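Read-outs throughout are calculated quantities, based only on the coordinates presented, and are distinct from any laboratory measurement. Here the structure is a predicted model, which is why all the values come from computation and not from measurement. Cβ atoms come from the backbone with ideal geometry, glycine included; neighbour counts cover every protein chain shown.
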């Protein structure tokens, strides 16, 4: 199993410690280690401590997992979670995604392009599901793409306060590529140009890199042009069929 970048030791260390403690308990129970001079509670303590460490390793392993994804088309979701809101203004559209503790917390690029800025800003740690959380500590990644300017805000919550950005200014990025990671429950906002047509509504469940959350309304057809997803097929004109009976009647 793959874990989020830079978090492997958080899983490996408690797993190793737990395995060692459980191994010691097994050796004592099998009589391979003489504990005649040790207090009676040592074996039970080893068992309980080992079980706790294994549980901690499993807990972090689940929440720090980084599974492979089949990359979708168009503008894809930067994060797993539930869409909180979709708001359009005169110049841009905002899609806000709330990540619960059970969601994968690796953030992916919604589009292909080049990163023009990576900034840390904001203050506070309000709960991520509240309206005021947009002013919390966050990392904002701006991407210049074929759609225009796209920004991804990785926002901390009251419990999740660690954000890791994988990319730097000037680097190229592909749609669906990993660009960051957040610990536990948080929120991700994506801002795109106003001509983007949303494919999600409030309450939609999305998966990072897979779910198409928007497509470009400036294009038409049924194929990819650049990095835009074309959703409407051009139909060929239908030629009316004349039956034998109709022909006979006309004759």
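Brief remarks follow.
- The ellipsoid equivalent to the alpha-carbon distribution of the stretch 1-121 has semi-axes of 48, 14, 12 angstrom, derived from the gyration tensor eigenvalues as √(5λ) and listed largest first.
- In the stretch 8-63, inverting the average of 1/r over every pair of distinct C-alpha atoms gives 11.7 Å as the Kirkwood radius.
- Using a simple spin-label model with pseudo-atoms 7 Å out from Cα toward Cβ, residue 2 and residue 42 lie 4.5 nm apart.
- Spin-label pair residue 121/residue 62, simplified geometry with 7 Å Cα→Cβ offset, distance in nm: 3.7
- Computing FRET efficiency as 1/(1 + (r/R0)^6) for residue 88 and residue 168, where r is the C-beta to C-beta distance and R0 is 25 Å, gives about 0.20.
- Label-reachable residues, the stretch 44-61, where backbone N falls under 15 Å from a point 7 Å from residue 33's Cα toward its Cβ: 44-51
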